[in-house]
Amino acid sequence: MNDHPIQVRGARTHNLKNLSVDVPKDGIVVFTGPSGAGKSSLLFDTIHTEAQRQLVETFSTFARRRLPKLTRPPVDEIRNLAVSIVVDQKPMGRTLRSTVGTATEIADYLRMLYSRFGSPFVGPSFYFSFNNPEGMCLECSGLGKRIRIDPGTFYDPARSLREGTLLHPDYKVGGYFWREMLSIGLFDPDLPLGRWTAGDLERFLYTEPLPVEVRHGAGTTKKNFEGVIRRLERYYADKAEDEAEEGEKDVYQSFLRYGRCPACGGRRVNPRALSVKVGDLDIAQVCALELTTFDGFLAGLSIPGSESLVSKMRSLAGRLIGMGAGYLSLDRAVSTLSGGESQRVKLARRLDCDLAGLLYVLDEPCSGLHPADARRVLAALRSLSGAGNSVLVVEHDPALIEGADWAIEIGPAAGRGGGELLYAGPADGLSDTDGPTGRILRERAARRAFRAAAVPTGAGAAAPRVRKPWSRSYPVRSARANNLKGVDVDIPLGILVGICGPAGSGKSTLIHEVFAPAHPEAVVVAQGAIGRTSRGTVASYVGAFDLMRKEFAKATGADPGLFSFNSKGACPKCGGAGFLAVEMNFLDDVRMTCDECGGARYRAEVLDIRYGDRNVADALAMTAEEAEGFFRTAELRRRLAVLREVGLDYLPLGQSLSSLSGGESQRLKLASELHKTGGVYILDEPTSGLHPTDVARLVGVLERLASGGNTVVVIEHDLDALAACSWLIELGPAGGAAGGRVIARGTPEDLAADPDSVTGPFLREVLG
């Protein structure tokens, strides 16, 4: 480890309590501790933020004058920083044009291979790009699919233009486009569309841009009129479904229809590009191969002069394969990748970087990974540090913690109960401490020692867990969705069921595409963000914010609207956001605290209104635990109590939904659904981002749900969560084409003893 560590002195970001610590460089340093204890506050919001700020300070005066002054985090001093690069789980792109191939740059080398060594020769490499007019299919503009609006859902034939026949929000009565439709004079504004001629309707919906004169009070303006459906199809053409703003996705789903492009058959490129072959395959066929198959394809090529290109592609693909992502294909859209898959793609790119002395900051790289894949990620991180870089990781996975060089634990609890330095030292010394992680590591080591000693049952062995029996099940027969290979399996009902197996093995397909549609009453708690803007808060999501505003209004006699930062009470400068966003282009966007409201979001006069000893901003800064003791409304207290049940009582009620981790988002979804009586709960990796102590708390909630007669199905990798299930179904034995089979089923003990189980060897470590 480096003799010049990063020296942090007096860090006070968020819940950090004047924390001071030395962070070694040139190795793997893991930051651990309970969820919400302050790990991210120290690593991302203090160390990385200050590294970014100091980097900008090295720019010329000319450049700095054109950039905002970055705010220094609340810390007394940080020394010996390096250039910091974040490799996080955020989506890499939202458009349909970004793929695994483009993101890893394998596609660039592949196009060069086809342009130089393909037969017949048709032109340079951009002739094979679906993002270039020379290479793309012109019918679908290189998307591989046609996006169409269904006229039957788009307009009401019984209404006229003036009455608002167009159902898309862009054309609502009184809006800009509605007024434009009335003013162009091409169509009768008072005739219901159902009585228009076929020619007029076709022109109104699909005509290409047509010069018209728009009438207004001051005269006329020349513009181009484009058919309303044609315009919207063009507008949406480059957007993925998840690119919609908050609340806009439902609009997409109600009007848009996606289908394979009839011209290219989904292959994206034009016939000229498809005519070129390398090894009897065109470029679209190669891009559709899984990375493991793609690597085999490259290994089989024997083309003089292509060796350097082939070697580069195999190196890039091999890194993803080595991290358990070999089931991905080059044409897989990055917008469809999970957070863990996105992070592994980013990591693969970083491993190809020849720069040294960098500071890599990673956020739970083992999240959502099978234990076998998690160990491959550790090997990748070791490669990064071995190249002379420092790797700083927020992580809960015991295997990665034990494999690190240095460990820093923040705790002892979440929220205001955390923010203290519990341990900083060699990773192998963490198990000797009394902190939450130390206890977990000792228990893990004890189980390993117990198993190694082969102590017979009854001679000191722990009593086996009592598994809840089941008699009813949902039969799945000959399931063939995606990579499922005629799966036959019975999914038990009325108990806690775990679905496990390597990433890409078919777990989500089995549950979300086969089981869930047969149970429309099911409460589905999926992964993914629950808010795209900072407007949604923890309190609003569980329905507590409206009740809080009503109680404030009743107690103070003020208008309830004043207590909303989205309405009358909003700060006029930031509009209730609490910050001003500054786009940095080549760096991460910067949010600067609003200097008028100080981040409180409200007008000054609203902040002067107090209920007891607090104003509404103070109330939103409270945790659920604090708020339960402050507010008096019974229904409000009940809604706050569910946050405590799922272990989120440390979150401030006003924390934005967009700032929550994947695990926090999912637990919040669970909290909002916890007391519904649907009978079937489906959860997708609910332990993601949780410390083992928090996993135990969540498992308790799931067990209580199952004990009430509910069916609880969890897609999971966490071993402690799987060990708590009454029944497990394992798919595998690998991801992609090598998966899609049920390789084991039974109790956790059954899988631990099953030689065909991939998860069994790891379960044995937990079961003891």
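The values are calculated or read from the model by the stated rules, or taken from the named source; none is laboratory data. Quantities reported herein were computed from a predicted structural model and do not represent experimental measurements. With ideal geometry, Cβ positions are generated from the backbone for all residues, glycine too; neighbour counts draw on all protein chains shown.
From the set of residues in the stretch 211-241 that are farther than 21 Å from residue 151 by Cα and crowded, with 16+ Cβ neighbours inside 10 Å, which is modelled with the highest pLDDT?
Applying the filter and picking the extreme gives 212.
Limited to the stretch 57-80, what total is found for residues that are surrounded by 13 or more Cβ atoms within 10 Å (Cβ to Cβ) and not in a loop (DSSP other than H, G, I, E, B)?
2
Residue check: is residue 481 out of contact with any Pro (no Cβ under 7 Å at 6 or more places or on another chain), assigned by TED's automatic domain parsing to the domain that holds residue 732 and either of a type in the set (Lys, Arg) or free of Cβ contacts under 8 Å to residues at least 40 places away in the same chain (or both)?
yes
Which of the strands (runs of 3 or more DSSP E) contained wholly in the stretch 678-768 include at least 1 residues that are without any contact (Cβ under 8 Å) to a residue 40 or more places away in the chain, within 21 Å of residue 479 (Cβ to Cβ) and in contact with a Ser or Thr (Cβ under 8 Å, 6 or more places away or on another chain)?
Output list reads 741-746.
Residue 423 versus (1) of a type in the set (Ser, Thr, Tyr); (2) touching a helix residue (DSSP H, G or I) at 6+ places or on another chain (Cβ under 8 Å); (3) in contact (Cβ under 8 Å) with a residue 60 or more places away in the chain: which is the lone unmet condition?
Every listed condition holds for residue 423 apart from (3).
Please find, within the stretch 331-375, the residue that is nearest to the chain's Cα centre (by Cα) out of those that are in a loop (DSSP other than H, G, I, E, B) and aliphatic (A, V, I, L, M).
Among them, the one singled out is 337.
Give the stretch 63-83 a look and list any residue that's within 29 Å of the chain's Cα centre (by Cα) and of a type in the set (Gly, Ala, Ser), or say none.
82
Every residue, every condition in (1) under 26 Å from residue 256 (Cβ atoms); (2) of a type in the set (Val, Ile, Thr); (3) touching a residue at least 24 places away in the same chain (Cβ under 8 Å); (4) in contact with a Phe, Trp or Tyr (Cβ under 9 Å, 6 or more places away or on another chain), yes or no:
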{"site": "166", "(1), (2), (3), (4)": "yes, no, yes, yes"}
{"site": "185", "(1), (2), (3), (4)": "no, no, yes, no"}
{"site": "188", "(1), (2), (3), (4)": "no, no, yes, yes"}
{"site": "191", "(1), (2), (3), (4)": "no, no, yes, no"}
{"site": "200", "(1), (2), (3), (4)": "yes, no, no, yes"}
{"site": "212", "(1), (2), (3), (4)": "no, yes, yes, yes"}
{"site": "227", "(1), (2), (3), (4)": "yes, no, yes, yes"}
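Please go through the stretch 25-47 and give me each residue that is touching a helix residue (DSSP H, G or I) at 6+ places or on another chain (Cβ under 7 Å), at pLDDT 95 or above and among the polar types (S, T, N, Q), ordered by number.
Of everything in the stretch 25-47, just one residue is touching a helix residue (DSSP H, G or I) at 6+ places or on another chain (Cβ under 7 Å), at pLDDT 95 or above and among the polar types (S, T, N, Q), namely 32.
One line per residue, one yes/no per condition, for (1) at pLDDT below 90; (2) surrounded by 14 or more Cβ atoms within 10 Å (Cβ to Cβ); (3) within 31 Å of the chain's Cα centre (by Cα); (4) within 21 Å of residue 622 (Cβ to Cβ):
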site: 562; (1), (2), (3), (4): no, yes, no, yes
site: 570; (1), (2), (3), (4): no, yes, yes, yes
site: 578; (1), (2), (3), (4): yes, yes, yes, yes
site: 581; (1), (2), (3), (4): yes, no, yes, no
site: 588; (1), (2), (3), (4): yes, no, yes, no
site: 591; (1), (2), (3), (4): yes, yes, yes, no
site: 605; (1), (2), (3), (4): no, no, no, no
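For the stretch 1-56, which strands (runs of 3 or more DSSP E) that fit wholly inside it have 3 or more residues that are β-branched (Val, Ile, Thr) and on the phi < 0 side of the Ramachandran plot?
28-32
Which one of 344, 350 is surrounded by fewer than 22 Cβ atoms within 10 Å (Cβ to Cβ), closer than 27 Å to residue 389 by Cα and not β-branched (Val, Ile, Thr)?
None of the other options fit; the residue is 350.
State yes or no: is residue 626 in contact (Cβ under 8 Å) with a residue 40 or more places away in the chain and not assigned by TED's automatic domain parsing to the domain that holds residue 524?
no
Looking only at the stretch 273-307, which residues are hydroxyl-bearing (Ser, Thr, Tyr) and in contact with a helix residue (DSSP H, G or I) (Cβ under 9 Å, 6 or more places away or on another chain)?
292, 293, 306
Residues 58, 13: which one is among the polar types (S, T, N, Q), over 24 Å from the mean Cα position of the chain (by Cα) and within 17 Å of residue 82 (Cα to Cα)?
58
Counting residues that are closer than 14 Å to residue 540 by Cα and modelled with pLDDT of 90 or more, which helices (runs of 4 or more DSSP H) fully inside the stretch 613-671 reach at least 2?
It comes to 616-621, 634-645.
From the list 104, 71, which residue is over 30 Å from residue 312 (Cα atoms) and in contact (Cβ under 8 Å) with a residue 60 or more places away in the chain?
Unique residue meeting the criteria: 71.
Going residue by residue through the stretch 107-119, is there one that turns out to be touching a Phe, Trp or Tyr at 6+ places or on another chain (Cβ under 7 Å), surrounded by 14 or more Cβ atoms within 10 Å (Cβ to Cβ) and modelled with pLDDT under 95?
Checked against the condition, which is being touching a Phe, Trp or Tyr at 6+ places or on another chain (Cβ under 7 Å), surrounded by 14 or more Cβ atoms within 10 Å (Cβ to Cβ) and modelled with pLDDT under 95, the stretch 107-119 yields no hits at all.
What about residue 767, is it at pLDDT 90 or above and not assigned by TED's automatic domain parsing to the domain that holds residue 367?
So residue 767 does not fit the description; no.
Does any residue in the stretch 17-33 that is over 20 Å from residue 693 (Cβ atoms) come within less than 7 Å, Cβ to Cβ, of a residue that is basic (Lys, Arg) six or more places away or on a different chain, and which pairs are these?
The qualifying pairs are 18/12; 20/9; 28/382.
Return a yes/no flag: does the stretch 388-395 have any residue that is touching a Phe, Trp or Tyr at 6+ places or on another chain (Cβ under 6 Å), of a type in the set (A, V, I, L, M) and closer than 21 Å to residue 19 by Cα.
Yes, that holds for at least one residue.
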